[in-house]
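Please find one structure pasted underneath; my questions will follow.
Values in this text are rule-based calculations from the coordinates and carry no lab data. Because the structure is predicted, anything quoted here is derived from the model rather than measured. Backbone-built Cβ (ideal geometry, glycine too); neighbour counts: all protein chains shown.
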């Protein structure tokens, strides 16, 4: 009898956790939908894989499995098309799996002409990899940037042309920002961090500022 009560208690606790998580997700979606309306953006709570499929050129969307995009907000601002969404994926399986959830913002514009690059905060394993030839584009003029970030890409010369002083200064002030660029668009996010609805607009303004810098720096690239 005691064992039955213990099992029932465990099941009850799990049920409460699932209910609380579901309620939290519902409230988040409602808050984001309200925000989208106030910004004159469209909003879709759940979607298919189309956004992932059309952005497979970004490393982010090639990682892991069980990929899911939700709370999609799409709109225009000046010469930019902006997509804001929650994106989740899982790496590994079973007990060795890890799930990453983050708010992503994609900015697309005909005024961008970016080389393919991927930038993320540098960690211990990146530093070890660098000792064995793992690519990391550093800048002697900005040792803080070079210490904080791992920057990689196919064409190092074009990447260096895009990452002028103003861009490097920007990233030195935002030391946990991940960014990938390719052609006429870039995606940025904070790894495994969903932005609270009340902070989305400020996070978007950070991206618009970055867009202005990349737009200037990439205008002369071919």
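Please list, by residue number, everything in segment 180-211 whose backbone N is under 16 Å from a paramagnetic label point 7 Å out along Cα→Cβ of residue 110.
Under cut-off, by backbone N: 184-185.
Take the alpha carbon gyration tensor of segment 41-218, find the square roots of its eigenvalues, order them as a ≥ b ≥ c, and report rounded if a/c is under 1.5; if not, report prolate when a/b exceeds b/c, else oblate.
It is oblate, given that a/c is not under 1.5 and a/b is not larger than b/c.
Under 13 Å from a point placed 7 Å out from the Cα of residue 136 along the Cα-to-Cβ direction: which residues of segment 145-179 have their backbone N that close?
From segment 145-179, the list is 145-152.
What is the distance, in nm, between label points placed 7 Å from the Cα along the Cα-to-Cβ direction at residue 54 and at residue 98?
With each label point 7 Å from Cα toward Cβ, the separation is 3.1 nm.
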